[in-house]
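The values are calculated or read from the model by the stated rules, or taken from the named source; none is laboratory data. None of the values given here were measured: they were computed from a predicted structure. Here Cβ is always computed from backbone atoms with ideal geometry, including for glycine, and neighbour counts include all displayed protein chains.
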């Protein structure tokens, strides 16, 4: 990554040494790159600008999706939702080869701009990739590699661009829009659903759909530009530069749902044995309630300590932070009555949650149903176990 970033900086310095006057043959295209299932963050696709000018030997790709691992406080900023991204430029041929290797479709929309308009947009991009201008505060919904394409075009031709927003679906939320592209990313979808709160459950406006790259392509397909008092198509030609015969796919047998179902049956078997033996398997409770509590504190952190869309997160209803570390003190004799009441209330709380699951304002991931059932089971058993008298052997070891 360091080598790539260094090469990128070198290429930027070369490209930006002096102002370049484009020829009349120059063209600018909006690029839409299809999803790649190797990582969750690539499952939504990608966008950029391609500038070509044979007379000047230019065939460059402008990319608003770059970041530097060496930036100060990288991981802290990432965790807090304050990560800075960069716009960079590189040879188009390199981008084409890489995306083709990963079996991602590449679609181009050549913009119908006059030479003066092409020069203006090109100058903006050239100025944007200068080191002092390249960084921007990334937001995965409101300011990302896709929304930048929309914003750059609107900024350079203010009041003249009208996008085709006919794709809008009544009532569709940001979460539902994300889910459309996470069908193969079961664990990524699970993490996003648990980490994001009710902010992503509001209905997305038509222009806000464009935080997803495919909607940039749809919006530009029927877009118009006002020129000499007349609205004319913004895109003069659409080209499928590469369409893979078989797109990248991801098949994972252990999905969150499968995992939690297996965990439920394992916990059920352990509980059955506990009932027969009269003893409690403590490690399974530490695992279950420790995990729920840990996730709860993570939800609290995302809610109050970051700029992610994680406020008002109803996952706090099952991921109760107090479970961690309380579960590690259940054996304290002085707290025996407290924990018996605690887990009895806990069991009925989770039963109530399951009853209203489908009516909550925020949809909670369905794979958590078997996990919550597991918490119900063990909560009832812990309360039952703590109700029994705690018989201890005398110090001489005789009954």
Original post:
Is one or more of the residues making up the stretch 147-166 under 22 Å from the mean Cα position of the chain (by Cα), within 29 Å of residue 250 (Cα to Cα) and assigned to a loop (DSSP other than H, G, I, E, B)?
Top reply: no
Original post:
Which numbered condition trips up residue 279, out of (1) free of Cβ contacts under 8 Å to residues at least 12 places away in the same chain; (2) in a helix (DSSP H, G or I)?
Top reply: (2)
**OP:** Answer yes or no: is there a residue in the stretch 253-270 that is touching a strand residue (DSSP E or B) at 6+ places or on another chain (Cβ under 6 Å) and farther than 16 Å from residue 287 by Cβ.
**Re:** no
**OP:** Output the residues belonging to the stretch 316-329 that are in contact (Cβ under 8 Å) with a residue 40 or more places away in the chain and more than 17 Å from residue 376 (Cβ to Cβ).
**Re:** 328
Original post:
On the given criteria, is residue 183 within 30 Å of residue 252 (Cα to Cα) and modelled with pLDDT under 95?
Top reply: yes
Subject >> Filter result (surrounded by 14 or more Cβ atoms within 10 Å (Cβ to Cβ) and assigned to a helix (DSSP H, G or I)) within the stretch 251-267 >> reply: 256, 257, 258, 259, 260, 261, 263, 264, 267
Original post:
Out of all the residues in the stretch 346-363, which are loosely packed, with under 12 Cβ neighbours inside 10 Å and part of a helix (DSSP H, G or I)?
Top reply: 352, 355, 356, 358, 359
**OP:** Could you please give the count of residues in the stretch 327-341 that are out of contact with any helix residue (DSSP H, G or I) (no Cβ under 7 Å at 6 or more places or on another chain) and assigned to a helix (DSSP H, G or I)?
**Re:** 5
**OP:** Name the one entry in 169, 135 that is under 25 Å from residue 35 (Cα atoms) and exposed (fewer than 14 other Cβ atoms within 10 Å of the Cβ).
**Re:** 169
Subject >> Test for residue 61: is it in the same structural domain as residue 213 (by TED's automatic domain parsing) and either modelled with pLDDT of 95 or more or in a strand (DSSP E or B) (or both) >> reply: yes
**OP:** For the stretch 301-345, enumerate the residues that are within 21 Å of residue 200 (Cα to Cα) and crowded, with 18+ Cβ neighbours inside 10 Å.
**Re:** 302, 308, 309, 310, 313, 315, 317, 318, 319
Original post:
Taking the condition over 27 Å from the mean Cα position of the chain (by Cα) and either surrounded by fewer than 20 Cβ atoms within 10 Å (Cβ to Cβ) or part of a helix (DSSP H, G or I) (or both), does residue 123 pass?
Top reply: yes
**OP:** Check 82, 22 and return the single one that is surrounded by 15 or more Cβ atoms within 10 Å (Cβ to Cβ), under 27 Å from the mean Cα position of the chain (by Cα) and either in a loop (DSSP other than H, G, I, E, B) or not assigned by TED's automatic domain parsing to the domain that holds residue 158 (or both).
**Re:** 82
